[in-house]
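One structure is given below, encoded as structure tokens.
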Amino acid sequence: MKAAVLHEVGGIPRYEDFPDPVPGEGEVVIEVLAVAVENVDKVIAAGTHYASEKFIGHLPVIPAFDGIGSLPDGTLVGFGHPRLPYGALAERTVVPEGSYAPIPDGIDPAVATVMGSAITGMSVKTAAGFVPGETVLVQGATGVAGRLAVKVARLLGAGRIVATGRDDRQLEEVRAIGADTVINTAVSDEALARAFADAKGDGYDVVVDYLWGRPTEILLRTLTPESFTFGKPTRVIQVGESAGAGLALAAESLRTSGVEIYGAAKGLSPQTMGEAYGQVVAWAQSGELTFEVEKVPLSDIERAWQRTDLKGRRLVVVP
Ligand SMILES: NC(=O)c1ccc[n+]([C@@H]2O[C@H](COP(=O)([O-])OP(=O)(O)OC[C@H]3O[C@@H](n4cnc5c(N)ncnc54)[C@H](OP(=O)(O)O)[C@@H]3O)[C@@H](O)[C@H]2O)c1
């Protein structure tokens with residue numbers, strides 16, 4: 001079969017022949033239909049992710065650990081956990097029996113690959129208990145997950161949505177999909193702090209944070225009052241780290257601000273996860289929630305892997 005094959009740590013996967021997977025006891029072969037290539041796949045392949053050793057400890061290997069495909073009986077499923085060296089970026093892969101879930105009718109496999117990113121937007125409800133009318137700030141709103149979070153916040157009934165990015169043209173697109181106010185983070189620290197303060201109205205209720213690093217450090221500093229007040233809490237949900245893996249958190253940021261910081265996994269249980277997924281599927285089926293994908297053939301993987309022009313669209317490889 002054809003596959004995208006990684007031969008060296010930090011290398012670029014190459015389109016080439018690879019032995020077909022043979023299922024062992026308790027395994028099933030999946031015919032792959034669509035695979036989203038995300039930052040995490042690239043960071044793993046670069047050898048700089050904590051899971052790099054697990055996934056690329058032995059080379060050659062086929063990258064990507066989940067995707068959409070069909071079972072031998074034709075059922076369309078989302079699958080995960082391919083047996084190494086098999087990964088998702090191939091015509092076929094092999095996974096443990098049961099390591100898949102059916103994709104509902106009417107969902108394009110390429111769109112199905114992006115629904116997980118939309119579910120991170122549902123963390124405003126599952127992690128932060130969002131109620132309609134609240135003000136939501138999306139940090140990193142020009143990205144794939146951030147744009148979906150803006151759309152999800154709008155669909156959930158946010159009162160006001162503030163969105164950040166670092167490119168004015170893309171921020172205008174984010175305004176067009178539902179943000180009321182946009183902030184460019186590519187300015188001086190002082191100017192960014194002022195922008196956060198000016199846009200907060202009577203306070204940010206929920207922050208969905210795909211950035212961390214400098215912009216979120218400045219945000220947290222901005223939320224710290226200069227004198228004691230009975231401010232309303234701001235619930236910050238940590239989802240991603242596009243702007244940095246760490247930040248300096250002053251004690252007073254938590255002591256006097258009413259800021260609460262949660263991981264996106266807070267509040268997740270099979271039930272809340274199922275409800276969030278069901279909601280995203282319903283919106284996708286009704287067309288209320290749209291997904292921007294850039295489909296490319298597997299044969300184009302070398303060029304596609306290095307693309308930096310996607311601007312809010314998810315790269316989806318269609319073998
Ligand atoms: N926990 C989960 O389940 C989950 C799921 C999906 C994503 N994530 C995480 O969420 C983050 C975003 O994912 P994504 O797929 O939306 O990525 P993406 O499409 O690449 O978007 C990244 C966003 O961060 C911005 N950004 C990148 N580097 C920056 C920097 N140095 N300073 C300031 N802004 C910067 C980008 O701005 P530009 O548009 O200007 O490039 C864009 O708004 C990643 O950390 C990802 O791993 C987590």
Summing +1 per Lys or Arg and -1 per Asp or Glu among the other residues with Cβ less than 12 Å from A112's Cβ gives -2
Dipole check, the chain, charges on Cβ (K,R +1; D,E -1), about Cα centroid: among A90, S70, V43 the Cα furthest to the positive pole belongs to V43
One finds the C-alpha centres of the range 11-46 and the range 185-247 to be spaced, in Å, by 38
For the chain, one quarter of the surface area of the C-alpha convex hull, expressed in nm², comes to 16.7
Heads up, the range 49-143 by the C-alpha gyration tensor (a ≥ b ≥ c square roots of eigenvalues; a/c under 1.5 rounded, else a/b over b/c prolate, else oblate) looks oblate
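Highest mean first, what order results for 178-186, 282-290 on Cβ atoms within 10 Å? Please list the in-between numbers first.
Working: 178-186: 20.2, 282-290: 13.8.
Descending mean neighbour count gives 178-186, 282-290.
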From the cross-link list K54/K311; K200/K295; K200/K266; K125/K311; K232/K311; K2/K266, the entries with a Cα-Cα span beyond 32 Å are K200/K295; K232/K311; K2/K266
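Exactly which chymotrypsin sites (Phe, Trp or Tyr not before Pro) in the range 223-275 are in a DSSP loop and have at most 10 other Cβ atoms within 10 Å?
Details: sites: F228, F230, Y262; in loops: F228, F230.
Sparse-neighbourhood loop chymotrypsin sites (Phe, Trp or Tyr not before Pro): F228, F230.
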Final fewest-first order of S99, S227 on the 10 Å Cβ neighbour count is S227, S99
S286 and H81 label points (each 7 Å along its Cα→Cβ direction) are spaced in nm at 3.4
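Using a simple charge model, +1 on the beta-carbon of Lys and Arg, -1 on the beta-carbon of Asp and Glu, nothing else, what dipole does the chain show about its Cα centre, in debye to the nearest 20? Mind showing how you got there, number by number?
Numbers: 28 positive and 40 negative charges, 144 e Å.
Roughly 700 debye, rounded to the nearest 20.
Quick check on the chain: of the DSSP beta bridges with both residues there, what percent are antiparallel, nearest 5%? The partial results should precede the final answer.
Values: 25 of 51 bridges.
Antiparallel: roughly 50 percent of the beta bridges in the chain.
Quick one: pull the percentage of alpha-carbon pairs in the range 120-263 with a separation above 28 Å. Present the calculation step by step, with values, prior to reporting the outcome.
On the way: 843 of 10296 pairs.
Cα-Cα pairs of the range 120-263 separated by over 28 Å account for 8 percent.
Values in this text are rule-based calculations from the coordinates and carry no lab data. Fair warning: this is a prediction, and the values are worked out from it, not measured in the lab. All Cβ positions, glycine included, derive from the backbone under ideal geometry; neighbour counts span all protein chains shown.
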